[in-house]
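Below: one structure, written as structure tokens.
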Amino acid sequence: MDRKSPNRTLKAVALSTCVISGFATASLAEDVVKTRQASMDQIRMGAATLVPMIKGDAEFDAQVADLALRMTYAGAMAFEGKFPEGSTSRGANPAIWENKADFDAKVLDFIADAEAAVALKPMDLEALKAAYQPLLKDCAACHKAYRIKN
């Protein structure tokens with residue numbers, strides 16, 4: 001009986017999640033609120049894979065980290081432009097539209113940092129930490145100013 005290793009199973013789950021999330025994001029293109037929520041879910045899934053590795057709660061796996069970083073980047077790309085005036089939703093602070101230029105700049109910083117993290121292709125835990133740290137700072141900066149905790 002051929003048993004899959006936990007890492008192989010995790011890789012398959014990560015890849016499937018990325019593909020499903022990307023499809024869900026694309027299929028919701030007409031509804032910006034649902035699209036941005038799907039994008040944020042995709043970013044969260046990337047974090048749910050990467051943060052345990054960084055904390056030492058999950059074994060580092062370069063292939064899984066790469067998939068999770070790509071998932072994060074794809075979510076970030078789909079997030080851009082999904083906050084037109086009047087598209088309020090639960091968790092979205094009205095300050096987004098009051099300070100739209102700052103908000104948009106934060107989104108672009110996140111996209112650039114996500115792209116850079118993917119380009120780094122971290123092959124060990126220290127490289128992953130270095131690649132992901134700017135993304136954590138981006139998330140905190142934006143959430144502090146523009147997210148209402150539910």
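Any idea which of (1) assigned to a helix (DSSP H, G or I); (2) surrounded by 14 or more Cβ atoms within 10 Å (Cβ to Cβ) is the one A119 doesn't satisfy?
Every condition holds for A119 apart from (2).
So is F60 modelled with pLDDT under 95, on the phi < 0 side of the Ramachandran plot and of a type in the set (F, W, Y) or not?
Considered against the rule, which asks whether it is modelled with pLDDT under 95, on the phi < 0 side of the Ramachandran plot and of a type in the set (F, W, Y), F60 comes out as no.
So A140 ticks every box in (1) of a type outside the set (K, R); (2) closer than 27 Å to D31 by Cβ; (3) without any contact (Cβ under 8 Å) to a residue 40 or more places away in the chain but one. Which box is left unticked?
(2)
Has segment 63-71 got any residue that is under 20 Å from P52 (Cβ atoms), over 13 Å from the mean Cα position of the chain (by Cα), surrounded by 13 or more Cβ atoms within 10 Å (Cβ to Cβ) and not hydrophobic (A, V, I, L, M, F, W, C)? Even if it seems obvious, please write down each step before you answer.
Pass one, segment 63-71, residues under 20 Å from P52 (Cβ atoms): 63-71.
Restricting the remaining residues to those that are over 13 Å from the mean Cα position of the chain (by Cα) gives 63-64.
If we keep only those that are surrounded by 13 or more Cβ atoms within 10 Å (Cβ to Cβ) as well, we get 63-64.
Adding the requirement that they be not hydrophobic (A, V, I, L, M, F, W, C) leaves 63.
Yes, because at least one residue in segment 63-71 is under 20 Å from P52 (Cβ atoms), over 13 Å from the mean Cα position of the chain (by Cα), surrounded by 13 or more Cβ atoms within 10 Å (Cβ to Cβ) and not hydrophobic (A, V, I, L, M, F, W, C).
Kindly evaluate A74 against the criterion of being surrounded by 14 or more Cβ atoms within 10 Å (Cβ to Cβ) and either part of a loop (DSSP other than H, G, I, E, B) or in contact (Cβ under 8 Å) with a residue 40 or more places away in the chain (or both).
Yes: the conditions hold for A74.
Given (1) at pLDDT 95 or above; (2) in contact with a strand residue (DSSP E or B) (Cβ under 9 Å, 6 or more places away or on another chain), identify the lone condition not met by A140.
(2)
Within the bounds of segment 124-141, is there any residue that is among the hydroxyl-bearing types (S, T, Y), surrounded by 15 or more Cβ atoms within 10 Å (Cβ to Cβ) and touching a Lys or Arg at 6+ places or on another chain (Cβ under 9 Å)?
Step one: of segment 124-141, the residues among the hydroxyl-bearing types (S, T, Y) are 132.
Filter once more, so that each one left must be surrounded by 15 or more Cβ atoms within 10 Å (Cβ to Cβ): 132.
If we keep only those that are touching a Lys or Arg at 6+ places or on another chain (Cβ under 9 Å) as well, we get none.
Among the residues of segment 124-141, not one is among the hydroxyl-bearing types (S, T, Y), surrounded by 15 or more Cβ atoms within 10 Å (Cβ to Cβ) and touching a Lys or Arg at 6+ places or on another chain (Cβ under 9 Å), which makes the answer no.
The values are calculated or read from the model by the stated rules, or taken from the named source; none is laboratory data. Keep in mind that what you see is a predicted model, and the values were worked out from it rather than measured. Heads up, the Cβs are rebuilt from the backbone with ideal geometry, glycines too, and the neighbour counts pull from every protein chain shown.
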